[in-house]
Amino acid sequence: MNPALTKIGAQMSHLTGVRAIMKDIIETLQAGAGKEFINLSAGNPLILPEVEQLWRDCTAQLLASSDYGEVVCRYGSSQGYAPLISAIASDFNRRYGLNLSDRNILITPGSQTLYFYAANAFGGYCLDGELRQIVLPLSPDYTGYGGVSLAPEALIAYKPALDIDAAAHRFKYRPDFSQLKINEETGCVIFSRPCNPTGNVLTDEEVKKIAALAAPYNVPVIIDSAYAPPFPALNFTEMSPVFGDNILHCMSLSKAGLPGERIGVAIGDEKLIQILESFQTNMCIHPSRYGQAIAALAINSGALAEISSNVIRPFYRQKFEVLESTLEQAMPDIPWFLHRGEGAIFAWLWLKDLPLTDWEFYQQLKQENVIVVPGSSFFPGLHEDWIHKQQCLRISLTASNEEIAVGMQRLAKVAEQVYAKSKVKS
Ligand SMILES: Cc1ncc(COP(=O)(O)O)c(C=O)c1O
């Protein structure tokens, strides 16, 4: 059957960004049955025994409690499961000296959903026909933002400034405030901190500056804290969550070991929370309550924050070190730059003057049985031509140390061949 699709139907039935590439990766893995691929493409966190045990223990506690029936056999409030909301409010109030009440928090089925609500509640066409932009102040950023707006033309991303340490083969993206426009045409601002794909952490000052630019226009600034402290605490550099009247601090429990349960959290001004809550009621009534109930137990006991900073963070930080030291030993004499590993579960490699596109490089690396993600899928909303978009790769840290080391050695070899060939030609 081939139904006629609406404009939105056509748009939403297309895969965007990295999801489209994942299809190629899955087909490659299936077609290469028997081949030993080193898959450094995944965004799925690894199952860490201590983390799995935490969720098992919380589940046992829930099963044994009289709350169980109330949790799974009844509908609940659209705002979320009350014990989880109060667990988050008291944890954040104590930890960050805030004054949150239950009305400042919304629980959603995963944080991707939250960005969908926010992108469409604040960005897109207004009643007067004006288009309100969804501004990504620093591109590259999370590829999932590419598919969230029902008016995709609303998404506008800004090219970053590059802070390059040539001798150390390192670099860092910074927001380019000389270009960034936040004004009456802006509907909302979104960025991830720590950032997927680059591992960048915007400084507290940069975040405050963005929020201050947006404040006079009543523009919500949505800070995607899927990798931030206190859970999953996947920051390898010091950072503090930034709160403020126009800031929606958004979290996810996916990287804290619960991606299957789909738990997203928004913390912010009561009015913003109410808008998103109504969106949620229309869309799905409320998120599943089982995951919320075990999350409440893990937050209240302090175990989630403790495991995040003592188990999850060191685990991925050490993977980044393996990647970094292998590249230092193995990379040929070419202009390669690794983004500073400040957090998240990925490394981001820039191959300056790469003689091929990132997609072609990805294909060549596949021939060596190593899979990474071509970087060009991580620039949603950045329409201008910029050669840099085709010179980067995202490398996942969700593999064994040995796989990461061997994968990087093979990548170095492919890079050497590719740059050597282009020299021969020129
Ligand atoms: C930066 C960022 N934001 C949001 C998400 C979506 O997370 P979830 O919907 O599982 O909460 C991800 C997932 O990888 C992510 O990397």
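Read the figures in this text as sums done on the coordinates, not as results from a lab. These figures come from a predicted structure and were not determined experimentally. Ideal geometry is used to build each Cβ from the backbone, glycine not excepted, and the neighbour counts take in all protein chains shown.
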Only helices counted: for the chain, with every DSSP H run of 4 or more residues adding -39500 (n - 2.57) and the sum spread over all residues, [θ] at 222 nm is -12000 deg cm²/dmol
Placing each pseudo-label 7 Å from Cα in the direction of the beta carbon, Arg94 and Gln11 end up separated by a distance in nanometres of 4.4 nm
Region 121-165 and region 348-422: distance between their alpha carbon centers, rounded to Å:
25 Å
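If contacts are Cα pairs under 8 angstrom and at least 6 residues apart, what is the relative contact order of the chain in percent?
Details: 802 pairs, mean separation 96.8, N = 426.
Over the chain, the number comes to 23 percent.
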Here the Cα Rg-to-2.2 N^0.38 Å ratio for region 73-303 is 0.99
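Suppose R0 equals 25 Å; then what is the FRET efficiency for Ile164 and Glu321 from their Cβ-Cβ distance, rounded to the nearest 0.05? Don't skip to the answer; put the middle values down first.
On the way: r = 21 Å, r/R0 = 0.85.
Given R0 = 25 Å and the Cβ-Cβ separation, E is 0.70.
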Test of understanding: in a Gaussian network model of the chain with alpha carbons linked when under 10 Å, which of Gly124, Gly34, Gly17 would top the mean-square fluctuation ranking?
Gly34
Can you pull out the GluC sites (Glu not before Pro) in region 151-239 that DSSP calls coil and that have at most 10 other Cβ atoms within 10 Å?
Glu184, Glu238
Label zone at Tyr217, where the point sits 7 Å out along the Cα-to-Cβ direction: region 181-209 residues whose backbone N lies under 19 Å
181-192, 206-209
Could you tell me the extents of region 273-416's C-alpha atoms along the three principal axes, largest first, rounded to whole Å?
53, 38, 25
Among the aspartates and glutamates, which fall within straight-line cross-link reach of Lys421, defined as a Cα-Cα distance under 19 Å, with same-chain neighbours fewer than 8 residues apart omitted?
Asp333, Asp353, Asp358, Glu360, Glu368
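Find the relative contact order for region 73-303 and round it to a whole percent, using C-alpha pairs within less than 8 Å whose residues are 6+ positions apart.
Values: 436 pairs, mean separation 61.6, N = 231.
After rounding, I find 27 percent.
Between Tyr290 and Ala64, what length comes free when the chain is fully extended (0.36 nm per residue of separation minus the Cα-Cα distance, one decimal in nm)? Working shown, then result.
Values: separation 226, 0.36 × 226 = 81.36 nm, distance 1.34 nm.
In short, 80.0 nm is gained.
Suppose R0 equals 22 Å. What FRET efficiency, 1/(1 + (r/R0)^6) with r the Cβ-Cβ distance, do Ser422 and Glu384 give to the nearest 0.05? Walk me through the intermediate numbers first.
Details: r = 25 Å, r/R0 = 1.13.
Efficiency, from the Cβ-Cβ distance: 0.30.
Divide the volume of the convex hull of the Cα atoms of the chain by its number of residues and quote the answer in cubic angstrom per residue. Let's see the in-between values first.
Values: hull volume 72.6 nm³, N = 426.
Normalising the Cα hull of the chain by residue number yields 170 Å³.
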Degrees separating the helix 270-284 axis from the principal Cα axis of the chain, which is the longest one
80 degrees
Working out 0.36 nm times the residue gap between Gln329 and Thr357, then minus their Cα-Cα distance, what length gain in nm do you get to one decimal?
7.6 nm
Distant-in-sequence amide H partners of Tyr158 (H built 1.01 Å from N, under 5 Å):
Leu136, Leu138, Ser139
Within region 30-103, which chymotrypsin sites (Phe, Trp or Tyr not before Pro) sit in a loop by DSSP and count at most 16 neighbouring Cβ atoms inside 10 Å?
Tyr75
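Of Lys208/Lys389; Lys209/Lys319; Lys209/Lys389; Lys319/Lys389; Lys35/Lys159, which pairs sit farther than 30 Å apart, going by alpha carbon to alpha carbon?
Working: Lys208/Lys389 27 Å; Lys209/Lys319 32 Å; Lys209/Lys389 26 Å; Lys319/Lys389 25 Å; Lys35/Lys159 39 Å.
Beyond 30 Å: Lys209/Lys319; Lys35/Lys159.
Report the full-extension gain for the segment Ile47 to Ser240: residue separation times 0.36 nm, less the Cα-Cα distance, to one decimal in nm.
Working: separation 193, 0.36 × 193 = 69.48 nm, distance 2.65 nm.
Separation in residues times 0.36 nm, less the Cα-Cα distance, equals 66.8 nm.
If you put +1 on each Lys and Arg Cβ and -1 on each Asp and Glu Cβ, how big is the dipole of the chain around its Cα centre, in Debye rounded to 20? Could the numbers behind the result be given before it?
Working: 35 positive and 44 negative charges, 99 e Å.
Dipole size: approximately 480 debye.
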